[in-house]
Each structure stands twice: as structure tokens, then as C-alpha cells.
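Scroll down for the structure; my scribbles are underneath it.
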Amino acid sequence: MDIFKNTRKKPEIFSKTHRGEREREEGKNGHSVMAYKRSTSTAVAGSASATVGGDSLLEKIPENLLNEIFLKLEPETLSSLSSLACVSRILQSSVNNVLSSFSSVDLSAFSLDTQTFDGIRRKLGNIQKITLDCLRLSDFSIRNLLGPDVEELILLKCSSLSCRFLSSIGRTCPNLRVLTLEFSGFIDKSSVFDLNFRGSLENCRSLESLKIKIRGGEINDYSFMLLGIYHLLPKTIKILKLQPSISLDTLVFFRTIPIPHTTFSQTLTQISLVLDTITDLLLHTITHSLPLLTDLDLKDQPLSDTSDDLSDLGIQSLIHCKNLTHLSLIRIRHHSSTSFKRTTDMGFFLLSEGCKQLESVRLSGFSKVSDAGFTSILNSCSNLKKFEIQNTYLLTDLTFQDVSKVPRVLEEVKLVSCNSITSEGVHEIASCSGLKILDLFGCKSVADSCLGNISKLRLLTSLNLSGADVTDSGMVILGKIHAPITFLSLRGCKRVTDKGIGHLLSNRNIGNNLMALDLGHMPGITDSGVGIVVDSCIGLVELCIRNCFHVTDVSMKVLGLKGGIRRVDVYNCSGLTVGCFELLKKPLFRGLQWIGIGKTRVICVGDDGFDEIHRERPWLTICADGCEVGCHDGWQFHKF
């Protein structure tokens with residue numbers, strides 16, 4: 001998906017100052033609260049008024065032909081052309097025509113500074129869809145991009161924006177249909193406490209989707225400020241996501257206000273809440289209050305086991321949602337190992353009989369549910385396409401016995417940290433020929449014997465074997481796959497070495513399609529393995545080799561010479577020296593956007609060294625902490 005999207009037929013004339021490429025990833029958790037992180041951006045725009053006359057060859061190329069060419073270019077290449085547009089009138093006109101034709105802009109891959117953002121903003125037309133990383137932006141810069149034309153506004157990492165500006169969004173963009181705001185619960189608590197959403201929501205009479213996320217901190221710290229949002233929801237709202245939210249507050253609101261007077265109850269179809277505890281009463285109240293509910297996503301994070309925890313009675317209340325197609329009930333285990341101990345197979349039997357229309361199921365923490373309960377869902381829900389189970393001890397291979405004989409088209413199966421799943425179960429899962437995503441993260445009993453079946457999946461695009469007991473011999477088998485795999489994770493597969501990587505990538509099909517590869521926590525990976533990856537994977541944009549102790553500066557130089565790499569994670573690669581710092585300078589690592597160097601000797605260069613890199617590579621984010629690639633779910637713990 002590109003940063004800019006073209007939909008207009010008659011563009012206005014603007015020029016371009018943005019560099020970058022849009023490749024958003026589902027991030028993983030950061031682990032530390034202390035960090036040193038540099039994320040800066042600046043750009044120098046070519047003057048729109050500086051032109052050169054003459055009858056050059058460029059002047060003789062038809063402008064409509066140039067327009068067609070520029071529309072097919074990567075954003076980064078188009079950015080370079082925009083700065084050179086002054087050499088030709090026709091080149092300048094064509095670049096500006098293309099840039100002004102964009103109706104959506106997504107700059108969430110970068111933490112832009114105000115100067116760079118202003119340069120981009122001035123060259124754009126009337127944008128309808130906006131997605132921004134606001135970490136280093138000012139109220140003034142963003143306000144000048146907003147207006148009545150904006151229908152979708154997603155502001156991420158916006159803790160630095162003033163409460164006054166956030167309250168004015170509704171007045172500035174009265175036609176908003178989608179609004180997402182993301183804050184940090186760690187960086188500045190006082191500013192989050194002062195937020196007032198009334199001004200934004202009261203003026204958005206066409207709002208259909210509202211998502212407000214406060215990342216980090218305890219649920220009880222911020223949930224009270226989101227309670228008032230229920231009273232402000234317009235009658236047009238269809239999608240609601242609040243993080244965090246207290247179960248009792250949510251319960252009180254739904255139970256004390258008569259349903260006929262709650263206008264959004266007749267329009268709300270999707271609700272997502274991050275709660276302190278999911279209870280029977282809460283689930284019963286939500287399902288009875290929202291008759292049109294199609295998507296229910298509830299996550300909780302209790303500090304200890306509770307007496308009113310979710311039980312079979314709460315699960316049974318879901319059968320009242322006759323339109324429910326997507327169900328997600330997740331118990332987060334960051335601070336404790338609590339689980340839904342009051343929910344048994346009986347609850348799942350009732351669910352499978354009452355909600356046969358389910359298309360997507362995500363369940364985590366149901367420690368008392370066995371194969372019988374999970375099998376009932378697989379056998380009863382004939383429309384099921386996505387099936388995800390996490391942290392469930394009693395799930396075994398029996399759940400998937402003869403799974404392909406039931407008429408359905410499973411496209412996505414994720415079994416995360418399900419330790420009882422073995423190769424036999426994966427063999428059955430792989431019989432579902434329509435699989436596109438297979439995630440076996442943490443399934444330690446999965447071995448080489450099932451890889452032959454996986455290699456026969458023709459539609460597979462994402463494969464996660466993290467922690468599996470696969471070997472170099474298994475890589476020979478997996479290397480025969482002909483599916484268009486773009487993401488592959490072998491993280492923690494300690495029996496796979498450079499030799500296995502060579503076997504795997506001897507298949508040109510894999511190398512031609514692979515865009516993201518995770519080889520982290522693999523002691524058998526050395527510079528030789530990294531070299532094989534670089535030579536074989538022509539379209540690779542993301543590589544994780546964290547905790548690979550035998551990786552040295554040689555690997556960094558090889559990666560630096562390869563163009564197109566956007567994100568590299570070398571966290572805790574103890575074989576790297578301080579000399580790697582020089583490799584981060586131009587002309588190496590062309591196009592690099594993010595690099596994780598925490599717990600390596602590279603961080604010893606200190607502030608002066610990083611400032612030097614910042615001046616030379618203003619688009620590069622350097623994370624010196626333990627965040628996963630991109631810091632997508634780790635930035636809230638940092639002080640920038």
C-alpha cells in the first residue's frame with residue numbers, strides 16, 4: 001500500500017517534498033521502559049518556480065506519457081524527481097499533476113518533524129483520508145491540512161498535541177466518518193487527563209467509526225475519561241473501540257440508560273474494548289443492548305483471578321447476537337498468568353450451536369476448554385475463515401482431526417503458544433488447501449515431519465514457525481514450496497543453521513516473493529547465512545537477526561550494500577563492533593527507515609554520533625532499546 005493514493009481525475013498543480021514508502025506491519029510488544037531513540041525527518045524541496053527553458057529531450061516527451069510513468073513509480077523515486085523538476089517545465093508539470101491527484105496520505109511510517117511535514121502539506125490538494133504519526137508534529141501544522149473535505153482522520157502517537165486542538169477537530173472536519181486517536185499513557189499523563197472529546201464528537205454528525213487508544217499505563221488510570229464518550233456518540237456510529245475501559249463503568253452505562261433513548265444501540269455493529277475484567281454480566285448486557293452487533297472484540301487484563309470471571313453463562317449470552325460474524329475474547333497475560341477458569345466445553349457447545357454464522361474466531365486464555373469445545377466450533381461454523389487460539393493448554397491435535405472434510409474455506413489458522421500441538425495436527429491443518437496464513441508461534445512440538453504438507457499449500461503468504469523443532473533437513477523440504485510467501489519467521493528455531501537457510505532459499509520462488517524474514521534468536525546464523533539471504537531475497541524489505549551472536553560487521557556491510565532494505569533489527573548482536581556506526585552513513589543502507597541497535601556496541605558512539613547520522617539521514621529511526629521492528633507497540637514506553 002502506497003503512502004499516497006491516487007483517485008482524482010483532474011488534479012491541481014503542486015510539487016512534492018516527501019520521501020518514503022508505506023509498508024505497515026503488525027508490531028510486537030516492546031519490553032523496556034527506558035530507551036534512547038532518535039527519530040527525525042527533514043526534507044528540502046525543489047523550488048516550484050525555478051524552471052529552465054530550452055528544447056531539451058524532456059520537453060519533447062508527451063506530458064500524458066510522463067504522467068502515466070510517474071503514477072507507477074515508488075513514492076521515494078517520485079520524491080527525488082520532484083526535487084529535480086526545476087530542470088524542465090514539462091517534468092515539473094507532470095510531477096506536480098501526479099502529486100496533486102492524491103486523495104489520501106499515509107505518513108504513519110515516519111515521525112516527521114514540523115518543517116518536513118509543512119513542506120509536504122503545502123504541495124497537496126484537498127485530502128480526504130489522512131493517517132499521521134504525530135509524535136513530533138505541532139497543532140498548527142496538522143490544522144492547516146484539515147478541512148471539510150477530510151472524511152477519515154487517523155492520528156497516531158498524538159500525546160504532544162494540545163487538548164484545544166483535539167477538541168476542535170469536529171468543527172474543522174464536520175464531515176468526518178472515521179476518527180482514530182492514539183496516546184501514550186507514560187509520556188505525559190497530565191495532558192491525557194485534560195483531554196475533552198466533547199468538541200470533537202458533538203460536531204461530527206456523520207461519524208461512523210471512533211477509535212481511541214491510550215497505550216501503556218494501568219487500565220484504572222485512564223478508563224474514567226473514556227466513560228463520557230458513550231454519552232457523546234452520534235446516532236450514525238457503527239464502529240467503536242475504546243482502550244482502556246472499566247467493566248463496571250461500561251456496565252452501568254448500558255444498564256441505566258433505556259435502550260430506546262440510546263440512539264447508537266440501533267446502529268453500532270462493531271465494538272472493541274480493552275477492559276479490566278470480562279464478566280458474565282458485561283457480556284450479557286452488551287449482547288442484549290446491541291441487536292445489530294456483527295463484530296465483538298473484548299480484551300481484559302485482570303491482576304488476579306476474580307469470582308465474577310467469565311463463565312459458560314456469559315458465553316451462552318452470545319447466542320442473542322444473530323448477526324455476529326467476528327468474535328474475539330482475549331485474556332492478556334502481561335502481568336499474570338490468569339485464565340478463564342470458569343468457562344468449559346459446555347459454553348463452547350452452546351456458542352457453536354447458537355452462532356453458526358461465525359466467520360472469524362479469536363480466543364485466548366481458555367485453560368479449561370478441551371478439544372471437544374474447540375472442535376464443536378470448527379464443525380458447526382461452516383463459514384469460518386479465521387481460527388486463532390492462544391495460550392490454551394488443552395488444545396491438541398484431536399481438534400483438527402479430519403478438519404478438511406468439513407465444508408468450509410479456512411484461510412487463516414493461528415495457534416500461538418499451544419504446546420500440545422504436534423506435527424500430526426499441522427498435517428491435518430495443512431490439508432486445508434485454501435490456507436493463506438499459518439502461525440505456529442511457540443508450538444515447540446512441531447517438527448520437520450509436517451513441512452512436506454505445508455510445502456504443498458499453494459496460496460500461503462505468511463508462515464510463522466517461531467520456536468518449532470525444525471532442522472536444516474526440514475528446510476530442504478520447506479524449500480520446495482511454490483506458494484507466494486511474503487513473510488517467514490524461523491525465530492528461535494535453534495536447530496536451523498546457515499546450511500538450512502541455503503537449502504530454503506535455493507528455491508528462487510521463495511527469494512523472489514519474500515519481503516520480511518525473522519531469523520532472531522538462532523545461534524546457528526552467521527555472516528554466511530545473512531549473505532545468502534541478501535543474495536537470494538531480491539525484494540526483502542525487513543530482516544530481523546536479533547540475538548544472533550555470531551553476526552558481525554561483515555553482515556552489516558553486506559546489508560548496507562543491498563538497496564531496498566527498510567528495516568533491520570540487530571538487537572543484542574554481540575558480535576557487532578563500534579565500527580558498525582560508520583556503515584550507517586551514506587552511501588550504504590540506501591532507503592533504510594528503521595534500525596534496532598539496542599545492546600550492541602554501536603550505541604557507544606553516544607549523542608554526538610547519532611546527531612551526525614541524524615543530519616545525514618533525517619528519515620532514519622534508530623532504536624537503542626529492545627523494541628520489535630518499527631516500535632509499533634513500544635513507542636509509548638519511550639521518552640523521545
Scan the range 196-203 and tell me whether some residue there is of a type in the set (Lys, Arg), outside any loop (DSSP other than H, G, I, E, B), open to solvent by 70 Å² or more (accessible area, probe 1.4 Å) and modelled with pLDDT under 90. yes
Got a sec? Which of Leu210, Leu226 is within 19 Å of Ile286 (Cβ to Cβ), buried (at least 17 other Cβ atoms within 10 Å of the Cβ) and modelled with pLDDT under 65? Leu226
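A quick yes/no check of all residues on (1) in contact with a helix residue (DSSP H, G or I) (Cβ under 9 Å, 6 or more places away or on another chain); (2) farther than 19 Å from Gln390 by Cβ; (3) small (Gly, Ala, Ser):
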residue	(1), (2), (3)
His320	yes, yes, no
Thr325	no, yes, no
Ser337	no, no, yes
Gln357	no, yes, no
Determine which member of the set Leu275, Leu282, Leu327 is closer than 20 Å to Gly365 by Cα, in contact with a Gly (Cβ under 9 Å, 6 or more places away or on another chain) and aliphatic (A, V, I, L, M). Leu282
State whether the residues of the range 593-601 include one that is of a type outside the set (Gly, Ala, Ser), assigned to a loop (DSSP other than H, G, I, E, B) and surrounded by fewer than 19 Cβ atoms within 10 Å (Cβ to Cβ). yes
Taking Ile565 as the residue in question, decide whether it is in contact (Cβ under 8 Å) with a residue 24 or more places away in the chain and under 27 Å from Gly539 (Cβ atoms). yes
Pick out the one residue from Arg508, Arg491, Arg495, Arg458 that is basic (Lys, Arg), under 22 Å from Leu438 (Cα atoms) and touching a residue at least 40 places away in the same chain (Cβ under 8 Å). Arg491
Inside the range 327-355, the number of residues satisfying the requirement of being at pLDDT 90 or above and either of a type in the set (A, V, I, L, M, F, W, C) or surrounded by fewer than 18 Cβ atoms within 10 Å (Cβ to Cβ) (or both) is 13
Residues of the range 303-321 classified as surrounded by fewer than 19 Cβ atoms within 10 Å (Cβ to Cβ) and within 30 Å of the chain's Cα centre (by Cα), total: 2
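Here's the yes/no breakdown for (1) at pLDDT 85 or above; (2) more than 21 Å from Thr236 (Cα to Cα); (3) crowded, with 17+ Cβ neighbours inside 10 Å; (4) in contact with a Ser or Thr (Cβ under 9 Å, 6 or more places away or on another chain):
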residue: Phe110; (1), (2), (3), (4): no, yes, yes, yes
residue: Lys123; (1), (2), (3), (4): no, yes, yes, yes
residue: Arg143; (1), (2), (3), (4): yes, yes, no, yes
residue: Asn175; (1), (2), (3), (4): yes, no, no, yes
Looking only at strands (runs of 3 or more DSSP E) that fall completely inside the range 261-379, which ones have 2 or more residues that are touching a His at 6+ places or on another chain (Cβ under 8 Å), among the aromatic types (Phe, Trp, Tyr) and farther than 24 Å from Asp397 by Cα? none
Going by the conditions given, is Asp569 charged (D, E, K, R) and within 24 Å of the chain's Cα centre (by Cα)? yes
Can you work out which of the residues in the range 559-569 that are among the hydrophobic types (A, V, I, L, M, F, W, C) and crowded, with 17+ Cβ neighbours inside 10 Å is nearest to Leu588 (Cα to Cα)? Leu559
Hits in the range 395-415 - residues which are surrounded by fewer than 18 Cβ atoms within 10 Å (Cβ to Cβ), in contact with an Asp or Glu (Cβ under 8 Å, 6 or more places away or on another chain) and part of a loop (DSSP other than H, G, I, E, B): Gln401, Asp402
For the range 313-331, how many residues meet the condition of being farther than 19 Å from Leu275 by Cα and in contact with a strand residue (DSSP E or B) (Cβ under 8 Å, 6 or more places away or on another chain)? 3
Are any of the residues in the range 416-427 open to solvent by 20 Å² or more (accessible area, probe 1.4 Å), in contact with a Leu (Cβ under 9 Å, 6 or more places away or on another chain), farther than 22 Å from Lys341 by Cα and part of a helix (DSSP H, G or I)? no
Can you pull out every residue in the range 428-446 that is in a helix (DSSP H, G or I) and closer than 11 Å to Lys414 by Cβ? Ile429
Of the residues in the range 149-172, those that are more than 15 Å from Leu135 (Cβ to Cβ), part of a loop (DSSP other than H, G, I, E, B) and within 26 Å of the chain's Cα centre (by Cα) come to Val150, Glu151
Taking Leu281 as meeting all but one of (1) at pLDDT 80 or above; (2) open to solvent by less than 60 Å² (accessible area, probe 1.4 Å), write down the number of the exception. (2)
Could you tell me whether the range 576-588 includes any residue that is touching a residue at least 40 places away in the same chain (Cβ under 8 Å) and either open to solvent by less than 30 Å² (accessible area, probe 1.4 Å) or closer than 21 Å to Ser111 by Cα (or both)? no
Being free of Cβ contacts under 8 Å to residues at least 60 places away in the same chain, open to solvent by less than 60 Å² (accessible area, probe 1.4 Å) and either of a type in the set (Lys, Arg) or under 16 Å from Asp439 (Cα atoms) (or both): is that true of Asn464 here? yes
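The values are calculated or read from the model by the stated rules, or taken from the named source; none is laboratory data. The structure displayed is predicted, hence computed values, not measured ones. In this analysis, Cβ positions are derived from the backbone assuming ideal geometry, glycine residues included, and neighbour counts consider all displayed protein chains. What goes into the accessible areas is simple: the full protein's heavy atoms, side chains included, and nothing from ligands, DNA or RNA. Shrake-Rupley method; radii C 1.70, N 1.55, O 1.52, S 1.80 Å.
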